[in-house]
């Protein structure tokens, strides 16, 4: 059901050579871009009408208008299962606690007497957030996107989610209820190129910014949203390119194979391209996990269409290493979206990890907790991007602006350095802009 990769032989290679040995699905980016490009162009030229046409083509329903009426949001919340409402409210409460602490304050640094640089944090004026509606329903993604935007102080928030034929062309009612619960009243029944369930969703332009609907096909659909973002990057700001969801578990002989198998399956049930990777120095744990996978998969839902293809795919594997030191090198090279540490002294081991979207420590912090109610954010970097990118946060919706304030004397003190560096770069007009302020004669340094 799941393959093995044995790295217990010679010393581990470094960098790209090590990454090339690890499981990850291949994908033709250029082919995906070519599928997305004509859709983006069509929407750019024809706007909402094109979005509606593609909704009918790919989602099987033609909506009379893209914006969801306010009364439908109210109705969805009124009819929401009380238990689901309570769970969403707790998820929102915990997310606010964490994200409120991420707020940044304006700070002024006095560089020299009379010379200051102030860093001011300004929220993005308007954002669009995309919530998938394909194989599963993700009200948790509404929470994970809207809460940090609200805590950052974003004034305009629009949510877009695919129209559902069974709900008369509206997004799923649980999605609508979550929006209403968070006070978001600008919601659109519009899809984007099918996202992978990596982070479930992430900032994306609302229909008013000409977001593109989905494109058919199997493997390409998992990445088309990220490719569409690449095409639109010069027109709008985007968060990151999304890829398939992934979990890596670094475990030793102290780990419980029941827990490990359950967590691998929890990611595999997202999508047939989801990646589930176990890295361990214990042959016994590897064998026990394989046995548990067979037992637990047989009792699971979504077995044939998601779980088995995901676990059996080239993106999933059990990776055997000589020791935890090598295990840490492997998980750092992999840069997982979600990384669980199930080892002795897990907190100390986790402290040595450099590359991961989010780290879950010990047996009582499964990825599922982070998906819903840990207070952390589940919109995370995938495809190894954790080596240079962070998950969604309040910071994602803020722009840092430097405000420079110098007096005449403060400029005079450093003018000769500015002129010298300008001339060294063969940009004499830069130096002249300083000289002009002092009658074209550079003040002598003090």
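The values are calculated or read from the model by the stated rules, or taken from the named source; none is laboratory data. Computed from a prediction, not measured in an experiment: that's the story for all the values here. All Cβ positions, even for glycine, are placed from backbone atoms using ideal geometry, and neighbour counts span all protein chains on display.
Right, residue 250: in a strand (DSSP E or B), in contact with a helix residue (DSSP H, G or I) (Cβ under 8 Å, 6 or more places away or on another chain) and either surrounded by fewer than 24 Cβ atoms within 10 Å (Cβ to Cβ) or touching a residue at least 12 places away in the same chain (Cβ under 8 Å) (or both) or not? When the stated conditions are applied, residue 250 passes them.
Scanning the range 253-271 for residues that are at pLDDT 95 or above and not in a helix (DSSP H, G or I) yields a count of 5. Of the residues making up the range 56-104, those that are in a loop (DSSP other than H, G, I, E, B), at pLDDT 95 or above and farther than 20 Å from residue 133 by Cα are 101, 102. The set of residues in the range 25-55 that are part of a loop (DSSP other than H, G, I, E, B) and modelled with pLDDT of 90 or more contains only 47.
From the list 329, 294, pick out the single residue that is outside any strand (DSSP E or B), under 26 Å from the mean Cα position of the chain (by Cα) and in contact (Cβ under 8 Å) with a residue 40 or more places away in the chain.
Working: 294 fails: under 26 Å from the mean Cα position of the chain (by Cα).
Going through 329, 294 in turn, the sole match is 329.
Every residue in the range 350-376 that is under 15 Å from residue 260 (Cβ atoms) and in contact with a helix residue (DSSP H, G or I) (Cβ under 7 Å, 6 or more places away or on another chain), please. Explain how you work it out, then say what you get.
Taking the range 350-376 as the starting set, the residues that turn out to be under 15 Å from residue 260 (Cβ atoms) are 360-368.
Scanning the range 350-376 gives 360, 361, 362, 363, 366, 367, 368.
Considering the conditions (1) in contact with a helix residue (DSSP H, G or I) (Cβ under 9 Å, 6 or more places away or on another chain); (2) over 28 Å from residue 279 (Cα atoms), residue 343 is excluded by exactly one of them, (2).
Of all residue pairs spaced 6 or more apart or on separate chains, those with beta-carbon atoms under 6 Å, a first member in the range 405-418 that is farther than 8 Å from residue 114 by Cβ and a second member that is surrounded by 13 or more Cβ atoms within 10 Å (Cβ to Cβ) and at pLDDT 95 or above are 405/116; 415/434; 418/434.
Of all the helices (runs of 4 or more DSSP H) wholly in the range 351-443, which have at least 1 residues that are in contact with a strand residue (DSSP E or B) (Cβ under 9 Å, 6 or more places away or on another chain), on the phi < 0 side of the Ramachandran plot and at pLDDT 95 or above?
Values: elements: 367-372, 408-424, 428-435.
Of the helices (runs of 4 or more DSSP H) lying wholly inside the range 351-443, those with at least 1 residues that are in contact with a strand residue (DSSP E or B) (Cβ under 9 Å, 6 or more places away or on another chain), on the phi < 0 side of the Ramachandran plot and at pLDDT 95 or above span 367-372, 408-424.
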